[in-house]
Structures are given as structure tokens and as C-alpha cells.
Amino acid sequence: MKKKSNSQVFDTYFTQPEEKQLFAFIKRHGGVEARRDLAWMQLARFSAVRVCVLSGLTVGDALEALRHERLRIRPEINKGRKQQDLFASKSICQTLRTLVKIHKEMSCESDWPDTPFHDRPLILSRNHRGMSIRSFQSRMQNWCKAAGVPVGSPHWFRHTWAKRQVQASDDVARTLMRVQAFLGHEDLKTTTIYTLPDKEEMMEFGRYAV
């Protein structure tokens, strides 16, 4: 479940120290499920895709992205939105390769007698089935609590990606239009939430306020 944000302060994202702490904590756990979770979280962070997309990606989607350097977001896995092709950066490709490898490690051929390899869910649960949206959310919450960072949802990585673009920009207006196109927002007003004062700014402001 998404945390409701204060309408005056944008806080549903991870700061750089929080993101680093979360990923480092998960990385210290060597089991296959921990490696899977780290990989899908990194994919969400680098691609800014919604959790419904993570849940709907197939092995074929990943292999096609690696082949053409484009991650195709099909309408049927993105709540009926228009098809979107995202440039598959080096970081995205690395996480996709890792997820394909982990899929092979976690899957059993006996579980998929009538499903071609390319059509199988990319991210598997411990029961060798595609992870549900609720499972992504639950795993996220558990890792956040264990790592000692704010408890967020997978959607926070989408916000984190967008917030980083705005923070690093010298031309906010132009960057907002690019972020809008990348995220697939129909209305620019939706994208302007990333210009609200954020938790880092407010902490700094409070520290030196007179």
C-alpha cells in the first residue's frame, strides 16, 4: 500500500543515503530470494516502471530488451496504458541479465510443462510462480523495516528516479517535460509534484531557520 504524502512536502521517495543503505543491507544476504529482490528493486529504480509492470514482465520481455536495448512496456501489463518503449541503459540491462539468471535458478521445468520459456514470468516467487503485486509490496516493506530505512512501496523507486532528475537539473521546466514523457504521465500537473519542497530540503531549512 502506498504511503500518503503530505501535500505540502514531497517525501515518498528514498534519499541517496537511504537507497544506499537499503541496497547494501539486502546485498549482505546471499540467498536467491534476496538477490532476486535486490535485482527487481534496482530495475524499478533505474527504469521507473510501475509495480504492475514488474509483476507482468516475462523472460521474453527481458531478452528482447537486452537484444534491442529497448524495454517494451506492453499495455496489458501497464493497466491498459499506451505501449511505451524505454531505452535500456547499462544499469537496466545489468539488472535484466541478473533477473533472467535468477529465473533459471529458481524455476523448475516441471512447473511449466505447457509454457514456452519466453512466456514465463521473469520474477518468480518461492513457489516458482510469478510474484503478485501484493508480494512485491510485502517484500519491500519487510526489507525496509529490516534495513532501518523509511518503509516505502515499490512505487517509491519511480518517485526516486524522477526526483533525482529534477534535483540534478539546471533547467527544471525542460526536465519536467522529459520526466513526464519518460513516466508516461498524461498531464504535466502530475509530474510537478517533484518540484515540491522535499524532506531533505525541509530538514536543512529547519536546521538553519531563524
Within segment 10-20, can one find any residue that is over 16 Å from the mean Cα position of the chain (by Cα) and assigned to a loop (DSSP other than H, G, I, E, B)? yes
Within segment 122-134, which residues are closer than 24 Å to R74 by Cβ, in contact (Cβ under 8 Å) with a residue 24 or more places away in the chain and surrounded by fewer than 20 Cβ atoms within 10 Å (Cβ to Cβ)? G130, S132, I133
Looking only at residues in segment 57-89 that are in a loop (DSSP other than H, G, I, E, B) and among the hydrophobic types (A, V, I, L, M, F, W, C), which one is nearest to Q141 (Cα to Cα)? L57
Over segment 1-38, the set of residues in contact with a strand residue (DSSP E or B) (Cβ under 9 Å, 6 or more places away or on another chain) and modelled with pLDDT under 95 is V9, F10, D11, Y13, T15
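Each row is one residue, and each column tells you yes or no for (1) over 23 Å from Q141 (Cα atoms); (2) modelled with pLDDT of 95 or more; (3) part of a helix (DSSP H, G or I).
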site: W40; (1), (2), (3): no, yes, yes
site: F46; (1), (2), (3): no, yes, yes
site: S55; (1), (2), (3): no, yes, yes
site: R97; (1), (2), (3): yes, yes, yes
site: V100; (1), (2), (3): yes, yes, yes
site: H103; (1), (2), (3): no, yes, yes
site: P113; (1), (2), (3): yes, no, no
For a quick check of your reading of the model, give me the residue pairs whose first member lies in segment 177-205 and is free of Cβ contacts under 8 Å to residues at least 24 places away in the same chain, whose second is part of a helix (DSSP H, G or I) and hydroxyl-bearing (S, T, Y), with beta-carbon atoms closer than 7 Å and at least 6 apart or on different chains. V179/T191; V179/Y194; Q180/T191; H185/T191
Given the structure, is G130 touching a strand residue (DSSP E or B) at 6+ places or on another chain (Cβ under 7 Å) and at pLDDT 90 or above? yes
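Look through R50, R35, R28, R45 and report the one residue that is of a type in the set (K, R) and closer than 18 Å to R134 by Cβ.
The conditions single out R50.
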For segment 73-80, state whether one or more residues are in contact with a Gly (Cβ under 8 Å, 6 or more places away or on another chain), surrounded by fewer than 16 Cβ atoms within 10 Å (Cβ to Cβ) and on the phi < 0 side of the Ramachandran plot. yes
Considering segment 21-38 alone, what residues qualify as being surrounded by fewer than 22 Cβ atoms within 10 Å (Cβ to Cβ), assigned to a helix (DSSP H, G or I) and among the charged types (D, E, K, R)? K27, E33, R35, D37
Mind telling me which of the residues K145, K163 ends up being more than 20 Å from D198 (Cα to Cα) and either touching a residue at least 12 places away in the same chain (Cβ under 8 Å) or surrounded by fewer than 18 Cβ atoms within 10 Å (Cβ to Cβ) (or both)? K145
Before we move on, is A44 small (G, A, S) and buried (at least 21 other Cβ atoms within 10 Å of the Cβ)? yes
Look through segment 127-175, keep the residues that are assigned to a helix (DSSP H, G or I) and small (G, A, S), and return whichever of them is nearest to C108 (Cα to Cα). S135
Is one or more of the residues making up segment 82-95 buried (at least 21 other Cβ atoms within 10 Å of the Cβ) and modelled with pLDDT under 95? yes
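The values are calculated or read from the model by the stated rules, or taken from the named source; none is laboratory data. This structure is a prediction, so every number in the text was calculated from the model and none was measured. When we count neighbours, we look across all protein chains shown, and the Cβ atoms used for this are built from the backbone with ideal geometry, even at glycine.
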